[in-house]
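Have a look at the structure below before the remarks.
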Amino acid sequence: MSLEMVSTVEAARQSGCSYRQVDYWIRTGAVPATTMMTGLGSGKYRQIPAWYIPRLKLLGNVSKLFGIRNGPPVEMMRDLFDNYDKGQMAYDEITVSWKVEK
């Protein structure tokens, strides 16, 4: 895994997700915590590992399938994030599979 870090804004752009989706997933624990950096002004911004980007893309695509902005329950989204490299997950009678990007 790459040690390269990107802003959450850039990760959202590259993954095709909205910044609000990425922020929500981080705040709810669907995506692991990130590094907070102090900005030049009074605010802070996050940086996340670049290897999160394909996982965020998967979460965004699953959210679109469910037809809701932030997707299925947080626990399911975290399972998808954590098990990304497996290429599939089974939930009751439904199996979700995806192409794993390296």
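Read-outs throughout are calculated quantities, based only on the coordinates presented, and are distinct from any laboratory measurement. Since the model is a prediction, treat every value here as computed from it, not as a measurement. Please note: Cβ atoms are built from the backbone with ideal geometry, for glycine as well, and neighbour counts cover all protein chains shown.
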Round to the nearest 0.05 the FRET efficiency obtained for Leu65 and Met5 when R0 = 30 Å and r is the Cβ-Cβ distance. 0.55
Would you calculate a helix-derived [θ] at 222 nm for the chain, using -39,500 (n - 2.57) for each DSSP H run of n ≥ 4 and dividing by the full residue count, to the nearest 500? -12000 deg cm²/dmol
Express the C-alpha Rg of the chain as a ratio against the empirical globular expectation 2.2 N^0.38 Å, rounded to two decimals. 1.08
To the nearest 10 degrees, how steep is helix 19-28 against the longest Cα principal axis of the chain, on a 0 to 90 scale? 80 degrees
Could you compute the net charge surrounding Asn83? Neighbours are other residues with a C-beta less than 13 Å from the C-beta of Asn83; K and R count +1, D and E count -1. -1
